[in-house]
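Working notes, structure below.
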Amino acid sequence: MKNRSIRQMMLYMIGTILAIMLFFQILTAYSNNKTITELNETLELQLLYDSYKETIETLQEGVTAYFNHSAKITVQDIEELCTEIESTSLQMEEAFVHPQFTDHSYIVQAYLESIRVFLEQIETTETEEQFQYYNETMGLYRMTLASYETLQPFEKEIITKKIHESSEEWKQKEKIFLVLGAIVCGLGFWKGKKFVDDISMPIIALTAKVRQIIARSYGELQENDLPKTRCKETALLTEAFYEMAGTIRQQMDELQEKIIVSQKLHKLEIENMQTKISLNQTQICLMQSLISPHFLFNCLSTLTSLAFIEEAHQTEECSLQLAKFLRKFLDHIGKTIPIREEVEHTKEYIKIQQLRFGKRISFEIICDRECEGQKIPALILQPLVENSLSHGLKNCRGGGLIQIDIHKIQKEEIAIEVRDNGEGISEEQMKQIEEELKKPFESGQKGIGLRSIAYRLNDFFKNRSSVHLEAQTKGTVAKIIIPADS
């Protein structure tokens, strides 16, 4: 048999499977559609039969109302109901092939004819004659209902028979499909096994030869002891293997030495990468450990105070703002964001503090539009505002003000200033803070203070930023200078 490539064999096998699946799909869809159509027709017939009696009763009620000169019913309405009942009766006679339904159809025709005569005569006859015609319709109406009652056993028997026939037909088809499916699966398994053997057996034999080479059993290699194959690729692979075996025999020792050296270098690289990953994780853990509980304590205190004073409406507002703030706060840890987002995040914090302090402290934010896109490490601005609240304005009873001003001071630099009109800071405290800012930031330190802000800014801007405090006549200014994107 002519050798084929693996690609040709796979395409042939996949094509055969798809063709068989398509055939089964079409056959199943056709069978299901036929069965569903039969069941739908049976269901429609059942619904038609069930609504038939209600339509007859509606017709007689209409005739009675018309006889009593009710304005709610017209001759046209009665004619439409007569036509509907006549059509339904004929459909039932055709669908339920049984003499009882034929007899019922005659009774219905007589009933409908009496109604039409009644409608023709009611306008031209006296009341006594009208009553006589009406009584005739009533008598035939009762006969129609009595006939309908006798139809029910036959209707149920016919409907049940139709459903049973559809069910039996579907079960027979199911058995046929199962048998065909089992045959196809058996043939597919047998064909698939042959396909896999044609590919795998030569490869398994080649694998054994490779093991011989690994064991340096070069003398045991024989070119004619591999199974024959119909795959072009495995045949070419066998030829290439024996050509390569001679070269491998000469280079094996040298290659093993190179592998040992390569493994050692690879191990060192992995250790180096693991060290870098550990350092990055340590830095992330450091930044996460810097989250001060002071802010959360203040917010929770606010919630407690408001819950005591208010009816819980402001508490609900504060809770929502706190949740909003915390989501952004935790999401921004370790990230760089535009100044615009940092300002928005700080505004969320300010909203919470305004619920706490009310009119005692006000806030002003000025941010030049050209500075909004500058990227900075997250959580730089909010800690400065928190420091102003916690230290500068902690004893403020009213008139407190915190101003945030972000602007360019030169083409290459941006100034971020947070000033308050609080108690200010002494020279001794100023010197102590300046000394702290000069010290390197160490792992394990707590709090998001000026030193951690300076550390993160210097790390991001490669030591081209600065953080310092300035004393005012009243209050303090925390000032950050960063390079602007060109």
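Annotated for the range 6-189: lysine pairs at least 8 residues apart or interchain, Cα distance under 29 Å, count 19. Projecting label points 7 angstrom from Cα along Cα→Cβ for LYS171 and THR16 puts them 3.6 nm apart. Among the GluC sites (Glu not before Pro) in the range 120-215, those placed in a DSSP loop whose Cβ has at most 16 other Cβ atoms within 10 Å are GLU123, GLU126. Of the trypsin sites (Lys or Arg not before Pro) found in the range 67-146, the ones in coil according to DSSP and having at most 11 other Cβ atoms within 10 Å of their Cβ are LYS72.
Cβ-Cβ distance of GLN263 and LYS347, R₀ of 45 Å, FRET efficiency by 1/(1 + (r/R0)^6): the value works out to about 0.20.
Counting Lys and Arg as +1 and Asp and Glu as -1 over every other residue whose Cβ lies under 13 Å from the Cβ of GLU93, the net charge comes to -4.
Any of LYS335/LYS359; LYS351/LYS408; LYS335/LYS431; LYS351/LYS438; LYS439/LYS462 with alpha carbons more than 23 Å apart? Name them for me. Exceeds cut-off: LYS335/LYS359; LYS351/LYS408; LYS335/LYS431; LYS351/LYS438.
Report the Stokes-Einstein translational diffusion coefficient (µm² s⁻¹, integer) for the range 6-189, Rh taken as the Kirkwood radius over Cα pairs, at 37 °C with viscosity 0.692 mPa s.
159 µm²/s
Any read-out appearing in this document is the output of simple, stated calculations on the displayed coordinates, not a laboratory observation. Owing to the predicted nature of the structure, the values given are computational and were not obtained by experimental measurement. Note that each Cβ is placed from the backbone with ideal geometry, even for glycine, and that neighbours are counted across all protein chains shown.
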